[in-house]
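The values are calculated or read from the model by the stated rules, or taken from the named source; none is laboratory data. Note that the structure is a prediction, hence the values are computed from the model and not measured. Neighbour counts run over all protein chains shown; Cβ positions are idealised from the backbone, glycine included.
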Amino acid sequence: MLIKEEKLLFKDFPNLNCPNCTKGILRIVDDTKILKYPSKLRLLPDEPSFYYDPDGNEHRRTCIDDVEAAQKQEYITTFFLECPRTQCLEMISTCGKLRYDTEVFPDEDLNAVYDTQLYYYPKFFYPHINLFIIPIKTPRVIVDQMAEAFSLFWTSPSACGNSIRKCVERIIDEIDAPPTSYVKYKN
Ligand SMILES: [Zn+2]
C-alpha cells in the first residue's frame with residue numbers, strides 16, 4: 001500500500017504490508033489495544049455540574065459526556081500489529097493518538113456531506129512500516145537509508161526529508177552519476 005497521509009482510518013485499518021516478509025497484510029491484535037484519555041479529558045467531571053460567577057449568573061461545566069456526544073474526544077493509544085502468514089508471524093508495536101476528524105465531500109447534487117471517523121495518528125512503529133515496496137534488487141546501502149526515512153516519517157517529517165536527501169545521495173553514488181558541473185557543461 002502507498003501511504004498518502006499521516007493519519008490512518010482506525011475502524012477500517014488500511015492494508016499495511018509486513019516489513020519482515022513484505023507479503024503479509026498486518027492486522028491489529030485486538031486484545032492489545034489500549035486507549036486512554038489525555039490529561040485534559042481525564043480531569044473533566046463525569047456528570048454535568050453548575051457554578052455561579054460573582055454576579056450570580058449560572059454556568060454549566062463541561063463534562064466528559066459533552067465531549068463524547070460531540071465526538072471531540074481523543075485518545076493516547078498503543079497496540080500491536082501482526083503478520084498473519086504462518087511462516088512469518090512478525091509483531092509490530094506502535095503508539096500514537098486517536099482523534100475524530102470530519103471530512104467534507106460533495107454528494108451527487110453537489111451538497112456538502114460530512115463524514116466523521118476515528119483516525120489513528122501514529123507516532124512510531126517498531127519495526128518500521130515500509131511506506132512503499134522497495135524493489136528487490138535495490139542496493140543494501142539505499143535500503144538501509146530508506147529504512148531510516150520510513151521510521152522517522154511519523155515522528156519528524158523534516159528529519160525524514162533529510163534522510164530521503166541522504167538516500168538520493170546514495171542513489172547518485174550507486175549509479176555513479178556525473179558531477180552537476182559536468183551536466184551543466186554538456187547542456
Ligand atoms: Zn510477515
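Residue check: is THR62 more than 16 Å from the ligand (Cβ to nearest atom), farther than 18 Å from SER151 by Cα, among the polar types (S, T, N, Q) and surrounded by 13 or more Cβ atoms within 10 Å (Cβ to Cβ)? In short, yes. The single condition among (1) more than 16 Å from ILE28 (Cβ to Cβ); (2) touching an Asp or Glu at 6+ places or on another chain (Cβ under 9 Å); (3) touching a residue at least 40 places away in the same chain (Cβ under 8 Å) that VAL141 does not meet is (3).
Restricting the search to strands (runs of 3 or more DSSP E) fully inside region 65-133 and requiring at least 3 residues that are closer than 20 Å to PRO19 by Cβ, within 16 Å of the ligand (Cβ to nearest atom) and modelled with pLDDT of 95 or more gives 74-82, 91-106. A single entry from ILE142, ILE129 fulfils the requirement of being over 30 Å from THR32 (Cβ atoms) and surrounded by 13 or more Cβ atoms within 10 Å (Cβ to Cβ): ILE142. Might you let me know whether region 37-48 holds any residue that is closer than 16 Å to TYR121 by Cα and either within 16 Å of the ligand (Cβ to nearest atom) or among the β-branched types (Val, Ile, Thr) (or both)? No, region 37-48 contains no residue that is closer than 16 Å to TYR121 by Cα and either within 16 Å of the ligand (Cβ to nearest atom) or among the β-branched types (Val, Ile, Thr) (or both). Listed conditions (1) among the aliphatic types (A, V, I, L, M); (2) without any contact (Cβ under 8 Å) to a residue 24 or more places away in the chain; (3) within 16 Å of the ligand (Cβ to nearest atom) are all met by ILE25, apart from (2). Restricted to region 164-179, and to residues that are among the hydrophobic types (A, V, I, L, M, F, W, C) and at pLDDT 90 or above, which residue is surrounded by the fewest Cβ atoms within 10 Å (Cβ to Cβ)? Among those residues, the one meeting the criterion is VAL168. Evaluation of ARG42 against the conditions (1) charged (D, E, K, R); (2) touching a helix residue (DSSP H, G or I) at 6+ places or on another chain (Cβ under 9 Å); (3) within 28 Å of PRO157 (Cα to Cα) shows that the sole unmet condition is (3). For region 1-59, residues that are in a loop (DSSP other than H, G, I, E, B), surrounded by fewer than 10 Cβ atoms within 10 Å (Cβ to Cβ), more than 16 Å from the chain's Cα centre (by Cα) and at negative phi total 7.
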